[in-house]
Amino acid sequence: MKVLSEKLLGGKQGAIGLAILSLLLFVIFPLWLDLFRLGLVGKYVTYAFVAISLVLLWGNGGILSLGQGMFFGLGGYCMAMFLKLEASDPISTKIQTTPGIPDFMDWNQLTALPWFWEPFKSLTLTILLVLIVPTLLAFIIGFAMFKRRVGGVYFAIITQAIALILSILIVGQQGYTGGVNGITDLKTMLDWDIRTDSAKYILYFTNAGLLIACMLLARYILTSKFGMLLLAMRDKEERVRFSGYDVSNFKIFIFCIAAMISAIGGAMFTLQVGFMSPSFVGIVPSIEMVIFAAVGGRMSLIGAVYGTLLVNFGKTMFSETYPELWLFLMGGLFIAVVMFFPDGLAGIYENYASKFNLAGKFSKLTAKFTKSTAAVDELVGEKP
């Protein structure tokens with residue numbers, strides 16, 4: 001049991017960090033923020049899935065992917081296709097030339113639902129495809145690249161190019177994908193209205209719960225033997241290869257896991273926000289997601305989540321307060337982090353907060369509180 005908790009939580013310090021993050025996501029934000037702001041936090045949390053996938057892939061594996069947005073977008077499109085089909089029943093689309101198909105298909109003179117849309121009539125198949133489609137694409141890319149020992153900056157550029165190609169393909173196939181507008185007007189999931197206030201709260205908590213679950217999965221991977229090999233590959237790839245391990249298979253595996261985690265975030269984004277467009281598939285969102293991981297600390301799962309929240313909070317605040325200057329302010333924030341805090345927020349904590357032994361003090365305070373509570377209970381329980 002102790003070994004399992006070490007692998008899942010990362011020891012006492014990791015457990016405390018995860019508990020604080022959970023308190024923030026599940027208690028403080030819902031109580032402190034109104035529904036609109038909480039919805040923004042929910043959207044930011046979906047980006048955090050990609051950030052923690054980059055901690056696995058880039059921070060610990062040394063594989064920089066500048067195309068994680070395509071996996072995020074594919075997961076989002078899979079969920080959007082299911083929701084769009086539910087919103088396009090024959091009664092709701094009776095004014096169309098061809099009732100029963102999405103409106104953008106009717107506008108583009110399609111008269112039947114394309115074959116690859118058929119599986120998305122089922123929620124079960126949709127959930128499976130959210131996981132399978134991005135993972136399969138990652139496997140194809142990884143197999144083609146890593147088996148030929150393509151890595152480093154070349155791999156980063158190739159993933160960036162693939163993300164651009166995919167976004168152009170989505171925009172170009174307007175009749176099948178909704179084109180530049182994306183898939184919009186998503187209303188219900190199994191006749192459950194996802195636009196109501198109660199639904200937004202439920203989706204937010206589901207989103208946060210899935211993020212914590214993915215963090216536990218990532219922590220388990222990193223603390224396993226595979227995680228140690230991943231670090232060894234990052235630092236001394238040739239030595240690992242000469243030790244008899246097939247490095248390419250390990251890279252393919254972690255690339256697929258990172259794609260799957262990113263896709264879960266994309267699917268939750270569609271449910272939280274109510275649409276999906278090609279603007280979340282291309283180069284710009286992919287680079288932004290790398291920045292989230294870099295600001296939080298590319299070696300820290302919890303740091304990556306905080307980095308995502310900080311950057312997006314800053315982006316929202318600067319754009320609202322200084323609409324003409326917010327891009328410069330965000331650029332200054334990124335430059336400052338790279339110059340002065342290369343290890344991100346996690347590095348700041350390790351360099352400064354750990355000097356004061358915050359974890360130890362927190363544990364002592366908890367012990368004192370428990371002892372005091374026990375003493376009070378004992379006094380209350382005494383008979384006069």
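The values are calculated or read from the model by the stated rules, or taken from the named source; none is laboratory data. Computed from a predicted model, the values in this text were never measured in an experiment. Please note: Cβ atoms are built from the backbone with ideal geometry, for glycine as well, and neighbour counts cover all protein chains shown.
Only one entry of L23, L56, L110 meets the criterion of being in contact (Cβ under 8 Å) with a residue 12 or more places away in the chain, in a helix (DSSP H, G or I) and out of contact with any strand residue (DSSP E or B) (no Cβ under 9 Å at 6 or more places or on another chain), and that entry is L56. Residues in region 195-218 that are hydrophobic (A, V, I, L, M, F, W, C) and within 12 Å of A48 (Cα to Cα): A208, L210, L211, I212, C214, M215. Taking only region 113-127 into account, find how many residues are part of a loop (DSSP other than H, G, I, E, B) and farther than 22 Å from G266 by Cβ. Of the residues in region 113-127, 1 are part of a loop (DSSP other than H, G, I, E, B) and farther than 22 Å from G266 by Cβ.
Selection within region 145-202: residues that are in a loop (DSSP other than H, G, I, E, B), among the aliphatic types (A, V, I, L, M) and within 23 Å of the chain's Cα centre (by Cα). The member of this set that is surrounded by the fewest Cβ atoms within 10 Å (Cβ to Cβ) is I194. Just one residue in the set A294, A263 is under 25 Å from T206 (Cβ atoms) and small (G, A, S); that residue is A263.
Can you list residue pairs whose Cβ atoms sit under 6 Å apart, with the first residue in region 303-331 being farther than 23 Å from L23 by Cβ and the second being of a type in the set (S, T, N, Q) and at pLDDT 75 or above? Count only pairs 6 or more apart in sequence or on different chains. Listed pairs, sorted by first residue: W326/S319. F340 meets all of the listed conditions (1) at pLDDT below 85; (2) within 13 Å of V45 (Cα to Cα) but one, namely (2). Which members of region 206-226 meet the condition of being of a type in the set (K, R) and either outside any helix (DSSP H, G or I) or exposed (fewer than 15 other Cβ atoms within 10 Å of the Cβ) (or both)? Passing the criteria: only K225.
Residue-by-condition table, conditions (1) in contact with an Asp or Glu (Cβ under 9 Å, 6 or more places away or on another chain); (2) touching a residue at least 40 places away in the same chain (Cβ under 8 Å):
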| site | (1), (2) |
| --- | --- |
| K94 | no, no |
| T98 | yes, no |
| I101 | no, no |
| F120 | no, yes |
| G151 | yes, yes |
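Residue under question is M276, and the condition is that it be touching a Phe, Trp or Tyr at 6+ places or on another chain (Cβ under 6 Å) and either at pLDDT below 95 or farther than 22 Å from F139 by Cβ (or both); does it hold? Yes: the conditions hold for M276.
The residue pairs whose first member lies in region 229-246 and is more than 18 Å from V150 (Cα to Cα) and of a type outside the set (F, W, Y), whose second member is modelled with pLDDT of 85 or more and part of a loop (DSSP other than H, G, I, E, B), and whose beta carbons are closer than 7 Å, counting only pairs six or more residues apart or on different chains, are L229/Y245. Counting only residues that are closer than 25 Å to Y47 by Cβ and either among the aromatic types (F, W, Y) or not in a helix (DSSP H, G or I) (or both), region 227-276 holds 6 of them. For K84, the criteria (1) of a type in the set (D, E, K, R); (2) crowded, with 22+ Cβ neighbours inside 10 Å; (3) without any contact (Cβ under 8 Å) to a residue 12 or more places away in the chain hold in every case but one, which is (3).
Quickly run through region 291-335 and pick out the residues that are of a type outside the set (A, V, I, L, M, F, W, C) and surrounded by 17 or more Cβ atoms within 10 Å (Cβ to Cβ).
G296, G297, R298, S300, G303, Y306, G307, T308, N312, K315, listed by residue number.
Please determine, by comparing only the residues of region 295-337 that are part of a loop (DSSP other than H, G, I, E, B) and among the hydrophobic types (A, V, I, L, M, F, W, C), which one is modelled with the lowest pLDDT. My answer is L325.
Let's see how each residue does on (1) under 14 Å from the mean Cα position of the chain (by Cα); (2) under 16 Å from L66 (Cα atoms); (3) touching a residue at least 24 places away in the same chain (Cβ under 8 Å):
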| position | (1), (2), (3) |
| --- | --- |
| I254 | no, yes, yes |
| A258 | yes, yes, yes |
| A263 | yes, yes, yes |
| V273 | no, no, yes |
| M276 | no, no, yes |
| I283 | no, yes, yes |
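Filtered by the rule that a residue be among the aromatic types (F, W, Y) and under 23 Å from V130 (Cα atoms), region 99-118 gives F104, W115, F116, W117. Quick check: anything in region 5-14 touching a Lys or Arg at 6+ places or on another chain (Cβ under 6 Å), touching a residue at least 12 places away in the same chain (Cβ under 8 Å) and either acidic (D, E) or not in a helix (DSSP H, G or I) (or both)? Yes, because at least one residue in region 5-14 is touching a Lys or Arg at 6+ places or on another chain (Cβ under 6 Å), touching a residue at least 12 places away in the same chain (Cβ under 8 Å) and either acidic (D, E) or not in a helix (DSSP H, G or I) (or both).
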